[in-house]
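Encoded as structure tokens, the structure appears first; notes follow it.
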DNA sequence: ACTTTGGATAATTTTTCCTTATGGCAGATT
DNA sequence: AATCTGCCATAAGGAAAAATTATCCAAAGT
């Protein structure tokens, strides 16, 4: 594959513009023979004459002009590629494939997207919402850049960093609002509604109650926190939801939300990504945005609780 | 201007496709370290990471993919430029700027264009019709590629080759048809209509009659052969026209056309171009086409004369 | 004829690029 | 746990490419 070089193309373009070897050469900051040779080589590899060397004139041939047109196009593209590289430096931009588990996504994302979109014009976030194992797999396959999950994950190939901790709160029918807060063990006697198998949140809740996840349970599983809260509102039982979900899920349901006394159940939400990912710094920026978003949500939650307290 | 090379772009593209240094390297017919180094250099000059090197995986980064898209575009363009060079080899194609003098253009061009256009798809002929001195000047300025003129031209910077010889024929009013053909000197006594100054054909005709071109003449000049023939038809005088013009110019005029006895006046039509022009071989092809066209025209002329002879 | 201009050529050095050999890390294997 | 293996990075040496300076040569201008 006998091919010319970009350098030759640049020299060629200069000569085409200046129509003078000496001037073109100094425009390229090289000596005149160097340019002569490169042009000669270029013509040789092309098998065609680009310039007509007159006694006192250098002019493009018919073919040379056609060639020059395209050369200019190529050089422009190449320069743009350089710009692109420069532009994508440091700054968070381009496509970012973000995985989020279902017990976080609906509550965090609106705020997070707002947060990121505001400061990072040209950032294209693609969200994948699914269960932790799938997220991990896709991450390791390189189909995701980072994911927000409950820690720990414990995959050696993945780096993980905690973002925030959040309590699990007890959701009861309004009728139970005044009753004392049960201990962890006490929940076992109640009809505890949980998410379907596979959700890490389910496992965490069960483990808080010292229940074996494998234990077969009567059909009390819901496919989303929203469903669970509605079921609670209908008096079917009680459930746990993460702090972050309170504002959204209890807005339109007749339920009572209470925190536990110590030892309070919590989960650590964190960010994971491939150790080998060069996006580390950019993912760091996302982490910060998530922390800010979580903080905002927590503040909202606090005012909500306050209001609820005043109302009751 | 720290810039990458086409070679790097090709290596990069291979690696992007294979996602494996070893295989990409052998696809490029180089060693693996060579490819590693070129990729590293490329990333360095870009100031951005293109690939995510996993333990057992090589994948494009976000930026890498964007870069790869453009790289493919550039490589495609570059390959096309190579094709272009190959395609423009030997074969006559592209733009050809052809100058022709006015006493040839209208008669030769229709046939010539047909001749060339038939065999050379993609040939773009641009015709410039003007007097010889202008053609020569434009040729030397590089604004024309070649020209068809009467030889000799005698410019040292120009190459010239004869195409064909053609007689000058006497055009007289029909009334004079039977009269004997005058000698060259005899024309001096007649009202000889000629083209305006500047036309080489005028000078050649005058020289045939041994008249000094500078001699002031009464307003008997026409701006085209067509005009002259019309004037002859109107009985104003006689004129000379080149053989090639007969078929066209005498079709709709009541005139008689006669050849001279020896010494017959002739002119040599030829082709000229810059010695430095790389189009030599292509111009040669044009020359051949002109010869063929001239031959065709001469044949037409012969049948015309025959017909005229039968009619009279 | 002589000088000047401007590109080509020659000889040499510098830079770039490739090769082979080797190091090292992370999965895979036993 | 220890070893193996695949795979990329690094190192060192040599070949190729490209730059430089110094001429050379042809054609234009004087």
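The values are calculated or read from the model by the stated rules, or taken from the named source; none is laboratory data. Keep in mind the model is a prediction, meaning the values are calculated, not measured. In this analysis, Cβ positions are derived from the backbone assuming ideal geometry, glycine residues included, and neighbour counts consider all displayed protein chains.
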Test for residue B:83: is it more than 9 Å from every other protein chain (Cβ to nearest Cβ), more than 16 Å from DNA strand D (Cβ to nearest atom) and surrounded by fewer than 20 Cβ atoms within 10 Å (Cβ to Cβ): yes
Exactly one of A:75, A:60, A:42, A:98 is in the same structural domain as residue A:128 (by TED's automatic domain parsing) and modelled with pLDDT of 85 or more, and that residue is A:98
Exactly one condition in (1) touching a strand residue (DSSP E or B) at 6+ places or on another chain (Cβ under 6 Å); (2) without any contact (Cβ under 8 Å) to a residue 12 or more places away in the chain; (3) within 10 Å of DNA strand D (Cβ to nearest atom) is false for residue B:51; which is it? (2)
Filter the stretch A:146-170 down to the residues that are within 14 Å of chain B (Cβ to nearest Cβ) and under 20 Å from the mean Cα position of the chain (by Cα), then identify the one that is farthest from DNA strand D (Cβ to nearest atom). A:146
Cβ contacts < 8 Å: first residue within 16 Å of DNA strand D (Cβ to nearest atom), restricted to the stretch A:275-291; second residue modelled with pLDDT of 80 or more and assigned to a helix (DSSP H, G or I), any location; separation 6+ or different chain. Result? A:277/A:283
Scan A:195, A:135 and give me the residue that is surrounded by 18 or more Cβ atoms within 10 Å (Cβ to Cβ) and more than 15 Å from the chain's Cα centre (by Cα). A:195
Could you tell me whether the stretch A:11-25 includes any residue that is near DNA strand D (Cβ under 10 Å from one of its atoms), out of contact with any helix residue (DSSP H, G or I) (no Cβ under 7 Å at 6 or more places or on another chain) and not in a helix (DSSP H, G or I)? no
Picking from A:290, A:255, the residue that is in contact with a strand residue (DSSP E or B) (Cβ under 6 Å, 6 or more places away or on another chain), more than 30 Å from residue A:175 (Cβ to Cβ), away from chain B (no Cβ under 14 Å) and buried (at least 23 other Cβ atoms within 10 Å of the Cβ) would be A:290
Within the stretch B:103-111, does at least one residue satisfy the condition of being touching a helix residue (DSSP H, G or I) at 6+ places or on another chain (Cβ under 9 Å) and modelled with pLDDT under 90? no
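Go through the stretch A:141-181 and give me each residue that's part of a strand (DSSP E or B) and either outside the structural domain of residue A:125 (by TED's automatic domain parsing) or closer than 15 Å to residue A:265 by Cα (or both).
Across the stretch A:141-181, the qualifying residues are A:150, A:151, A:164, A:165, A:166, A:167, A:168, A:169, A:170, A:171.
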Selection within the stretch B:19-41 - within 13 Å of chain A (Cβ to nearest Cβ) and within 10 Å of DNA strand C (Cβ to nearest atom): B:28, B:29, B:30
In the stretch A:42-63, what count of residues is obtained for those that are within 7 Å of DNA strand C (Cβ to nearest atom) and either at the interface with chain B (Cβ under 9 Å from one of its Cβ atoms) or in a loop (DSSP other than H, G, I, E, B) (or both)? 2
Which condition number does residue B:118 fail, the rest of (1) more than 22 Å from residue B:222 (Cβ to Cβ); (2) away from chain A (no Cβ under 12 Å); (3) touching a helix residue (DSSP H, G or I) at 6+ places or on another chain (Cβ under 8 Å) being met? (3)
Out of B:9, B:75, report the one residue that is within 10 Å of chain A (Cβ to nearest Cβ) and surrounded by 18 or more Cβ atoms within 10 Å (Cβ to Cβ). B:9
Determine, yes or no, whether residue A:52 is out of contact with any helix residue (DSSP H, G or I) (no Cβ under 6 Å at 6 or more places or on another chain), surrounded by 19 or more Cβ atoms within 10 Å (Cβ to Cβ) and in the same structural domain as residue A:75 (by TED's automatic domain parsing). yes
If you go through A:211, A:123, A:206, A:139, the only one that is without any contact (Cβ under 8 Å) to a residue 40 or more places away in the chain, out of contact with any helix residue (DSSP H, G or I) (no Cβ under 9 Å at 6 or more places or on another chain) and more than 19 Å from residue A:295 (Cα to Cα) is A:206
For the stretch A:123-136, which residues satisfy the criterion of being away from chain B (no Cβ under 14 Å) and out of contact with any strand residue (DSSP E or B) (no Cβ under 6 Å at 6 or more places or on another chain)? A:130, A:131, A:133, A:134, A:136
Residue A:102 passes all but one of the listed conditions (1) facing chain B (nearest Cβ under 9 Å); (2) outside any helix (DSSP H, G or I); (3) surrounded by 14 or more Cβ atoms within 10 Å (Cβ to Cβ); the exception is number (1)
